[in-house]
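These notes concern the structure reproduced below.
The values are calculated or read from the model by the stated rules, or taken from the named source; none is laboratory data. Note that the structure is predicted; figures quoted are calculated from it, not measured. Neighbour counts run over all protein chains shown; Cβ positions are idealised from the backbone, glycine included.
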Amino acid sequence: MHIAMINIKNLRLRTYIGFNPEELEKQQDIIINAEVHYPADTASTTDNEADAVNYKVITKRMIQFVEHGRFKLLEKLVADLLEIAMEHPDVRYARVTVDKPHALRFAVYLFFKNCRCTHRFTPIFGKQRGINGLRTAPLWSHGFR
């Protein structure tokens with residue numbers, strides 16, 4: 001089985017995020033990172049875009065959702081972005097991180113991360129380490145060597 005991994009790195013957007021009075025009135029910078037895994041057996045043999053998960057569709061949906069939304073909590077924003085990442089029926093695993101660069105005075109940034117997996121799929125990470133309680137497997141367990 002060929003497992004494809006789409007990485008969307010450092011998608012920089014502005015939105016209303018937070019519940020403090022100044023956060024309700026002024027948009028803030030956020031940085032989105034997303035990872036999407038899906039089986040790519042058909043796409044890798046046919047070279048047909050209809051057989052693949054389209055990263056542009058995922059990215060455009062995220063941009064539209066964030067730029068037209070208002071959010072009080074990072075947890076809610078990340079959960080909604082995770083839903084967008086998982087919309088395609090072939091997606092087996094997705095992880096989304098949202099960084100809020102200026103949230104803490106003496107920190108580089110604050111971030112919140114969440115991930116979701118469909119049943120009977122183990123995400124690929126390189127090390128056998130659990131993330132949010134998920135059991136992970138080395139790359140070779142999915143046919144990568």
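Quick check: is even one residue across the stretch 78-97 surrounded by 12 or more Cβ atoms within 10 Å (Cβ to Cβ) and over 19 Å from CYS117 (Cβ atoms)?
no
Would you mind finding the one in ASP90, ASP99 that is at pLDDT 85 or above, in a strand (DSSP E or B) and not hydrophobic (A, V, I, L, M, F, W, C)?
Testing whether each residue is at pLDDT 85 or above, in a strand (DSSP E or B) and not hydrophobic (A, V, I, L, M, F, W, C) leaves just ASP99.
Give all pairs with beta carbons closer than 6 Å in which a residue from the stretch 16-40 that is touching a residue at least 24 places away in the same chain (Cβ under 8 Å) meets a residue that is of a type in the set (Gly, Ala, Ser) and assigned to a strand (DSSP E or B); count only pairs at least 6 apart in sequence or on separate chains.
Going by the 6 Å Cβ cut-off, the qualifying pairs are VAL36/ALA94; TYR38/ALA4; ALA40/ALA4.
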